[in-house]
Amino acid sequence: MASRKNSSNAFWPTFGNRADAQQAMKGSAAASWVVAAINLGIGLFLIFSPPGTGASYGMSGAMVIDGTIFALIGWGIWRYSLIGAIAGFAFFSLEKIYQFSTQPKAAFGIFLAVVLWMAFLNGVRGALALRQFERAAAPVAADPETP
């Protein structure tokens, strides 16, 4: 008898049940809160720093707004919201496209961005898997026309 190899890993999990999908969404929420903490921390630092501190890096105190948005998105993902998962993935992707086109690229920044991007992608996958599990568990309506 041949053994089946599990192809699931941390970067591309398989969703065999609701718990797996929920775990992926919790990871996505955590990634959102990491992004929120970084943005809020840097944004607050720049707000209370001397003028022009972040200008050379292309950053401003407006990062506080991004941080707040990511914190709210993380809350939505934590509650298993498909809209929250898609919003987090889209917003993070757009933010990174803008960041890498306007700011110098650091190797660590790219590595961290890929890891967080995968977490957001898996959150969307987990939300879609949860939706499939809910549809499969929903009772089928009785159709009087069916024999």
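Taken together, the values in this text are just the output of simple stated rules run on the coordinates, not laboratory data. Just so it is clear, the structure is predicted and the values come from calculations on it, not from any experiment. Note that each Cβ is placed from the backbone with ideal geometry, even for glycine, and that neighbours are counted across all protein chains shown.
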Q | Cα-derived Rg to Rh of segment 21-132, Kirkwood definition | A | 1.02
(Q) Testing the spin-label approximation: label points 7 Å from Cα along Cα→Cβ at residue 49 and residue 23. State their distance in nm. (A) 3.9 nm
Q: Between residue 34 and residue 79, with labels modelled 7 Å along Cα→Cβ, what's the label distance in nm to one decimal, could you check?
A: 2.5 nm
Q. How many times 2.2 N^0.38 Å is the alpha carbon radius of gyration of segment 53-98?
A. 1.32
Q) Can you tell me the Rg and Dmax of segment 14-79, counting just the alpha carbons, in angstroms? A) 15.6, 52
